[in-house]
Amino acid sequence: MSDSAKAPPIYVTQPLLPPLEEFIPYLQQIWDSKWLTNNGPFHQQLEHALCDYLGVKHVALLTNGTVALITALQTLRITGEVITTPYSFVATAHSLLWNGIKPVFVDIDPLTLNLDPARIEAAITSQTTAILPVHCYGHPCDVARIAKIADKHGLKVIYDAAHAFGVRDQKGSVLNHGDLSVLSFHATKVFNTFEGGAIVCHDAETKQRVDHLKNFGFVDEETIVAPGINGKMSEFNAALGLLQLNYIDRALARRGEIDRDYRRRLANVAGIRCLADAGETAPNHSYFPILVEDDYPIARDALYTRLKDNGIHPRRYFHPLISDFPMYRGLPSAQQSNLPVATDTAQRVLCLPLYPALEDRQVETITRLIANP
Ligand SMILES: *Cc1c(COP(=O)(O)O)cnc(C)c1O
């Protein structure tokens, strides 16, 4: 066996974990106070720390990104039909079904792979109440055009910003666009609390509605204003987030180095296209997608298998499209003829390993295999 065959497998991501000994004092504090959940001190501290770090007005922490999406839709009382992208993680559309809302899929832009604003208006009906776009791979959507369409038609905009932690554009945090933005702090994301999520809102009243909804709808001991869910983040997860914030800038810087290294090494590989950024001033390099074009010698799935045979485990994010899963494919908007760009992209994309602990020589190995199929 060659050296590379014996090397441990390289997965698409590896969670950011601060040194364990630094977590012990946080645990001690939880054990001493016996305040385990329900808006405890770490929960409050992390909400404030994230407002400062991200440059946003209000952050409400939740148990995970999916419950945050479901709760965000309830916060704005969204009903009827919502326009969204088929090119995302399945939780984006699931959050609509959990609220009895009909997803309407609109195709993506071939360069950014975000919801194509030029196709949104044609999908609006009298039932449409909102748009749910995704900042795919952390690249900002065309927020100005989406805002214009939403204003014209009286629609709300909720951004699924699960990939967009820390991303800024000319105007500051990308999370300040739309009515609400939803973050995920799942283990696989740039910033993690093992499991976790958040809703970013722009005013105190909306934040208060989220806080009621994530706590069964309780306003006080005797008053319930809505059939809310249990979506509260525990003190354990909030403490992890606080500790993790001390390491996030270094992690993002290292992600940037790896991103540049990949781009440099793949620049002259015919048939491999790296996705350009979408105008962000502070990217977060949350993923490294490549598109396998027609002039590459082998198909995407053959490249995927070749990398796996060499101990490298990229992921086909996002294949299959959400619109191809059984609970969605019967919808008129889910037909492949309505989604040609997303359908084609799902056949070509491969997300390469990208995480702070990935070593330069591993990037070299991966790109060498891609350059010599
Ligand atoms: C991860 C992710 C989610 C779901 O977040 P969880 O915290 O895992 O529930 C939703 N949307 C997108 C685009 C994601 O990548």
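Annotations for the structure displayed:
- Asp277 being without any contact (Cβ under 8 Å) to a residue 24 or more places away in the chain and in a loop (DSSP other than H, G, I, E, B): no
- No other residue among Leu97, Leu36, Leu27, Leu20 is of a type in the set (A, V, I, L, M), exposed (fewer than 15 other Cβ atoms within 10 Å of the Cβ) and more than 28 Å from Val210 (Cα to Cα) apart from Leu20.
- 1 or more residues in contact (Cβ under 8 Å) with a residue 60 or more places away in the chain and among the acidic types (Asp, Glu): qualifying strands (runs of 3 or more DSSP E) within the range 121-222: 156-160
- Considering residues of the range 54-76 that are within 12 Å of the ligand (Cβ to nearest atom), in a helix (DSSP H, G or I) and among the hydrophobic types (A, V, I, L, M, F, W, C) only, the residue farthest from Glu195 (Cα to Cα): Ala72
- Among residues of the range 195-209, those that are away from the ligand (no atom under 16 Å from the Cβ) and either outside the structural domain of Ile229 (by TED's automatic domain parsing) or under 22 Å from Gly40 (Cα atoms) (or both), counted: 8
- Residue that is surrounded by the most Cβ atoms within 10 Å (Cβ to Cβ) [pool: residues in the range 151-194 that are more than 16 Å from the ligand (Cβ to nearest atom) and on the phi > 0 side of the Ramachandran plot]: Gly172
- Leading residue by the ranking (nearest to the chain's Cα centre (by Cα)) among those in the range 257-274 that are farther than 21 Å from Gln347 by Cβ and in a loop (DSSP other than H, G, I, E, B): Ala267
The values are calculated or read from the model by the stated rules, or taken from the named source; none is laboratory data. Fair warning: this is a prediction, and the values are worked out from it, not measured in the lab. Positions of Cβ are generated from backbone atoms using ideal geometry, with glycine treated the same way; all protein chains shown enter the neighbour counts.
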